[in-house]
Ligand code: OXD
Ligand code: MN
């Protein structure tokens, strides 16, 4: 086996931050001569020598495969961050946004702008581990399967020598507060300084994680390369879109990603680890890894409860996570905006942590009226990607207000107003600690107690504002039958309504039928089961106008949810589940709301919906679908027919 190349700068010189590019280069890359000397003497820097054997072996194998020029183990220090920023400015990946405090703008290659679901695969010995029975040997909407041989082939076709001439960064990271019993550790190897910098924001990285690894050696191996660019002119944003692939092998706790530098394709802690591998770990260990935000809500009497909520991307998840309630006396505090890891504790309480450390939020649509809290969070220590740039070194995106003159669009051209100035999936990457309403318990090692779970989607037609599930199994059925209009976060086009069970469709790490079985197994003696609700902020009237104002007014729905958690008798039964009793939803001072239409349950629509759900279950899941789900569907049909 080829000897791996490894070097590390041990202590950061005093003038590290002040020095320029040249210094950053030396600091991060070490000189070739020193490199050779170290190899000859077979000397490892103390930091590398101190790594656990498993981490060293991972670095060694990755370096032998990718043949980087240099290896740098990230310590998470401020000096390291400054050096990365300097390096990225030199390479043309980032530019400063002088209008704000330590904010940066990246423009990706226009071919590398979203998650590529069609190139995202899960590997296992048996296809059935990943793909439900109904789709055996075919393409599945619920998980792309790749066989071990093809997995290995995909790696060997892409990775050998892919980091030649580049630095290989090693990022030890923790998903969740370091040391929490609910947290997990990963090590991401990447050749992208943008990824390193973003991982600093989105996860906890560095020395404390290495320390934790000394106690428990298990970690998820994440290997990432932007690839050897085939496209000319992509120096600032190297990528290989034609050959992009994102691979997961849950049985080996391994993620391998090639060709894309953006978002969930490259920040491997997020969707790849926290959801795809996370869901497999959760099933194995008896907990839940979900695509859910977590918020704490305090009512006017000072009673506080936490809820988790699953919505597909771009359904206002970050807005709900940072809501400014319009109802007097209510307070919302944010624990997380995207992912929840939840486990029942010894007292039978479902406890949740946010495994992330930052927000990777969709910029367009965020404004001081839709999400003032996000706007108060993002203008410090933030990396913006693919937003438009203003003349005075600021940012702009659609939905932020009137476009100022002289905008540069996300492609770096003067904006001609013919297409959006900011890419619809442009993002801010912001530390969670910037959020003025971050919950005091957001880093609690024990997690926060969850009283209710909300499920939702963007449903312009037929689906009431809020419906409470009759019981847990009914709630699981609601999750299994979730649908929503497609979003810009992935490569789907148009506004089609897609099935997106539990908002997890692109993120299941294993057979969806088994996932449902896992959810159904949650109620056990002594456990306090959260109530489950389905919400839809997006219902429209016959003229295409929203029936509900949304945003801060959604606190009115949360108020009803909390009152239901207190077992208040403020509900009535419908064919779909419980909805608020007449006048039970607080609409005071809201003006003219057509409550009748907002809560109507059109018979024809629901018979069709039930058919569509049945078709989906049959064609996508088949015999792997738990019988309870068929029973629930029958109940729905019967209820609607009899209504
Ligand atoms: C996200 C997504 O980026 O769900 O959070 O796509
Ligand atoms: Mn998400």
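The values are calculated or read from the model by the stated rules, or taken from the named source; none is laboratory data. Keep in mind it's a predicted model, so treat the numbers as computed, not measured. We place every Cβ from the backbone using ideal geometry, glycine too, and count neighbours over all the protein chains shown.
Give the residues of region 315-339 that are within 16 Å of ligand 1 (Cβ to nearest atom), assigned to a loop (DSSP other than H, G, I, E, B) and either at pLDDT 95 or above or touching a strand residue (DSSP E or B) at 6+ places or on another chain (Cβ under 8 Å) (or both), sorted by residue number.
Result: 315, 322, 337, 338, 339.
Only one of (1) without any contact (Cβ under 8 Å) to a residue 40 or more places away in the chain; (2) closer than 27 Å to residue 288 by Cβ; (3) more than 15 Å from ligand 2 (Cβ to nearest atom) is not met by residue 348, so which one is it?
(1)
Any idea which of (1) part of a helix (DSSP H, G or I); (2) crowded, with 24+ Cβ neighbours inside 10 Å; (3) more than 17 Å from the chain's Cα centre (by Cα) is the one residue 169 doesn't satisfy?
(1) is the only condition that residue 169 fails.
Tell me the residue from 513, 544, 509 that is in a helix (DSSP H, G or I) and either in contact with a helix residue (DSSP H, G or I) (Cβ under 7 Å, 6 or more places away or on another chain) or more than 20 Å from residue 449 (Cα to Cα) (or both), please.
Answer to the check: 513.
From the list 398, 433, 443, which one is without any contact (Cβ under 8 Å) to a residue 40 or more places away in the chain and within 21 Å of the chain's Cα centre (by Cα)?
Matching residue, one of 398, 433, 443: 433.
Which number in (1) within 30 Å of residue 144 (Cα to Cα); (2) surrounded by 14 or more Cβ atoms within 10 Å (Cβ to Cβ); (3) more than 32 Å from the chain's Cα centre (by Cα) marks the one condition that residue 634 misses?
(2)
Tell me, which strands (runs of 3 or more DSSP E) wholly within region 80-147 include 2 or more residues that are in contact with a strand residue (DSSP E or B) (Cβ under 7 Å, 6 or more places away or on another chain) and surrounded by 20 or more Cβ atoms within 10 Å (Cβ to Cβ)?
Result: 104-106, 120-123.
Looking for something away from ligand 2 (no atom under 16 Å from the Cβ) and touching a residue at least 40 places away in the same chain (Cβ under 8 Å) - is there at least one such residue anywhere in region 265-274?
no
Could you figure out which of (1) surrounded by 24 or more Cβ atoms within 10 Å (Cβ to Cβ); (2) more than 15 Å from the chain's Cα centre (by Cα) isn't true of residue 294?
Looking at each condition in turn, residue 294 falls short on (2).
The rows are residues; the columns are (1) within 16 Å of ligand 2 (Cβ to nearest atom); (2) in contact (Cβ under 8 Å) with a residue 60 or more places away in the chain; (3) surrounded by 19 or more Cβ atoms within 10 Å (Cβ to Cβ).
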position: 305; (1), (2), (3): no, yes, yes
position: 318; (1), (2), (3): yes, no, yes
position: 325; (1), (2), (3): no, yes, yes
position: 384; (1), (2), (3): no, yes, yes
position: 404; (1), (2), (3): no, no, no
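Starting from residues that are in contact with a strand residue (DSSP E or B) (Cβ under 6 Å, 6 or more places away or on another chain) and not in a strand (DSSP E or B), keep the ones in region 195-211 and report whichever is surrounded by the most Cβ atoms within 10 Å (Cβ to Cβ).
199
Among the candidates 300, 312, single out the residue that is surrounded by fewer than 24 Cβ atoms within 10 Å (Cβ to Cβ) and either assigned to a loop (DSSP other than H, G, I, E, B) or within 16 Å of ligand 2 (Cβ to nearest atom) (or both).
300
Going through region 461-498 one residue at a time, which ones are in a helix (DSSP H, G or I) and either at pLDDT below 95 or within 16 Å of ligand 2 (Cβ to nearest atom) (or both)?
Result: 479, single match.
Could you please let me know if residue 514 is modelled with pLDDT under 90 and either closer than 30 Å to residue 124 by Cβ or more than 15 Å from ligand 2 (Cβ to nearest atom) (or both)?
no
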